[in-house]
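No lab work stands behind these numbers, since they all come straight from the coordinates. Please read all numbers here as calculations on a predicted model, not as lab measurements. Note that each Cβ is placed from the backbone with ideal geometry, even for glycine, and that neighbours are counted across all protein chains shown.
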Amino acid sequence: MFKLRSYQQETIDKVYQSMRSGHRRIVVQQPPRTGKTVIMAEIARKTTAKGNRVMFIIHRKEVLEQAIETFKLQGVDMNLTTMGMVQTLTRRINQLDKPQLILVDEAHHALAKSYLNILDAFPNAYVLYFTATPIRTGHDQLDKIADDIVTGKSIKWLTGHHFLAPFHYYGLGDIDRSKLRKSNGDYSSESMDQAISHEIYGHIVEQYQRLAKGKQAVVYCHSIESAKKITQQFEQAGITAAEVDGNTEVALRDELVQKFRDQKLTILANVNLFTEGVDLPNVDCVIMARPTSSLALYLQFSMRCLNPRKGKTAIIIDHVDNFLTFGLPNNDRNWSEAIVTKDKRKAKLSTENGPAIAQCNYCFGTFYRDQIVDDCCPLCGHELKKKTKDYKIVNVDLQEIKENQAVNHRKAMIQKILSDQVMANVADKSVGQLHTLKEFQAYAKLHSYSPGWAWYQFNNRRKKKW
Ligand SMILES: [Zn+2]
């Protein structure tokens, strides 16, 4: 049996409180990687212990098997429990025992017809909708099927209490976001092909070596072709890497995942596989090479590397500027607001800005403006210029962001770094580490300082030496 963490118990207490005050269909929000299944198992245990029946609905097979294991370990009476994939259950509705409680996993999908069929068949059951992201990309929101929401602790709180690892976030802009087009709730693969720069394959390896060398990393790719190219680039650089996608045979996929778990593989690239559930405990770095317009996917991607370990700081490398759509993973999000279908929402709230995000022109670290201490980058310590532009991130439900000057400036800088060897050499140095006049000049160019600054600094340094 799992010993519940304090915040897991708190969520369970809140659920029962909501039920006691008369709610029957409750959204339960709990961030990724915080043991949602254990919470469901504990509620199922308590329910079956009283002789009541439980139904558990899920939409991916891999996750179902893990959930059954967890329920058994938690001591749920499996004779009183029906667990299955939504497609299976919806076909067998007439044969199903009537549950007193229905648990829906990944419930941001729960407005789909297959779910509604099941829910409508048992109108008297209590329903708990579990999800990390109670928001849909379409018009209707979960208030159509729920009458209350219980929210878990914020990601900032969970990090502060060592339940999630802290992270450094880098936004690298290898994408032209104006080319992205949506279809079926996310960007179309065609538009992603056009939007992503072809230079990305080389950049991914370079930036991995600059920011996360040696760390085990999962790469999220938008196509099988790109996943294969990225894997090749890593191998050419002498880094062990493999690629898995929907076409990979299950036996081979399991073997590669096991190799990664055993730390015999450093890089694992995937296409739409490592989203919900799949357990990869030792990921220390996430590389996003795939844009998404789904907040659920964004948080599943970026938070994949946040399993905590003593002394660990996870590295999130965002080549496609997903942060422009969603802010950083630990943005405080108003979930009670998010579950309300738009036409009912107050206009004032839905146009509210998220917290300002700033970026370091030196390491491309991406952080909240309030993390800046003494005008220095909280990631590399480099002094930030006063004119550093803010990225304004709007609320999760408003997904159209206009690229601003800061993005363009960064793109130009990345180009310069890549085309100029001296500049590349000074890019990860501080002023104190510069020696030659050329280095000072490259540094001045990189940070938009005047040429006079380079002369002054260089001469000053010579004086000090003598
Ligand atoms: Zn920095």
Exercise for the section: May I ask you to work out the translational diffusion coefficient for the stretch 421-465 at 37 °C, viscosity 0.692 mPa s, via Stokes-Einstein with Rh from the Kirkwood sum over Cα pairs, reported in whole µm²/s? Expected result: 321 µm²/s
Completion exercise
Checked the stretch 109-182 with the C-alpha gyration tensor, a ≥ b ≥ c its square-rooted eigenvalues, rounded below a/c of 1.5, otherwise prolate if a/b is larger than b/c and oblate if not; verdict oblate
Exercise for the section: Could you tell me which Cys residues in the chain have no other cysteine's Cβ under 4.7 Å from their own Cβ, answering none if every one has a partner? Expected result: 221, 285, 305, 376
Fill in the blank from the handout: With 0.36 nm assigned to each residue of separation and the Cα-Cα distance removed, residue 376 to residue 144 gains 78.9 nm
Practice task
Once you have the Cα-Cα distance between residue 178 and residue 82, take 0.36 nm times their residue separation minus that, and quote the gain in nm to one decimal.
Solution key: 29.9 nm
Exercise for the section: Amide H neighbours of residue 149 under 5 Å, at least 5 residues apart or on other chains, H built in the peptide plane: list them. Expected result: 27
Handout entry: Three-way shape label, the stretch 6-154, alpha-carbon gyration tensor, a/c 1.5
Key = rounded
Exercise for the section: For residue 310, list the aspartates and glutamates whose Cα falls under 15 Å from its own Cα; do not include residues on the same chain fewer than 8 positions away. Expected result: 284
Practice task
Counting only C-alpha contacts under 8 Å and six or more residues apart, can you give the relative contact order of the chain as a whole percent?
Solution key: 14 percent
Problem - Amide H partners (placed H, <5 Å) of residue 56, local residues excluded - result: 82, 83, 84, 103
Fill in the blank from the handout: Between residue 252 and residue 313, Cβ-based FRET efficiency (R0 45 Å, step 0.05) works out to 0.90
Fill in the blank from the handout: Here the net charge surrounding residue 191, from other residues whose Cβ is less than 9 Å away from its Cβ (Lys, Arg +1; Asp, Glu -1), is +1
Exercise for the section: Using packing as a proxy for protection, rank 77-89, 13-25, 292-304, 102-114 so that the peptide with the highest average count of other Cβ atoms within 10 Å comes first. Expected result: 292-304, 102-114, 77-89, 13-25
Practice task
Report the calculated FRET efficiency for residue 263 and residue 199 (r = Cβ-Cβ distance, R0 = 35 Å), to the nearest 0.05.
Solution key: 0.70
Handout entry: For the chain, convex hull volume per residue from C-alpha positions, Å³
Key = 163 Å³
Practice task
Quickly estimate the mean residue ellipticity at 222 nm for the chain, helices only: each DSSP H run with n ≥ 4 gives -39500 (n - 2.57), and the total goes over all residues, rounded to 500.
Solution key: -10500 deg cm²/dmol
Exercise for the section: Kindly state, to the nearest 0.05, the FRET efficiency for residue 343 paired with residue 438, given R0 = 51 Å and r defined as their beta-carbon distance. Expected result: 0.25
Practice task
Would you grab the residues whose amide H sits under 5 Å from the one on residue 356? Only those 5+ places off in sequence or on another chain, please, with H modelled 1.01 Å from N.
Solution key: 369
Practice task
Could you pull out the pairs from 50/144; 14/46; 14/153; 36/72 whose alpha carbons sit more than 18 Å apart here?
Solution key: 50/144
Completion exercise
Counting Lys and Arg as +1 and Asp and Glu as -1 over every other residue whose Cβ sits under 15 Å from the Cβ of residue 315, the net charge comes to +2
Completion exercise
In the neighbourhood of residue 126 defined by beta carbon distances under 10 Å, the net charge of the other residues (Lys, Arg +1; Asp, Glu -1) is +2
Exercise for the section: With a/c under 1.5 counting as rounded, go ahead and sort the stretch 216-287 into rounded, prolate or oblate using the C-alpha gyration tensor (a ≥ b ≥ c being the square roots of the eigenvalues; past the cut-off, prolate if a/b is larger than b/c, else oblate). Expected result: rounded
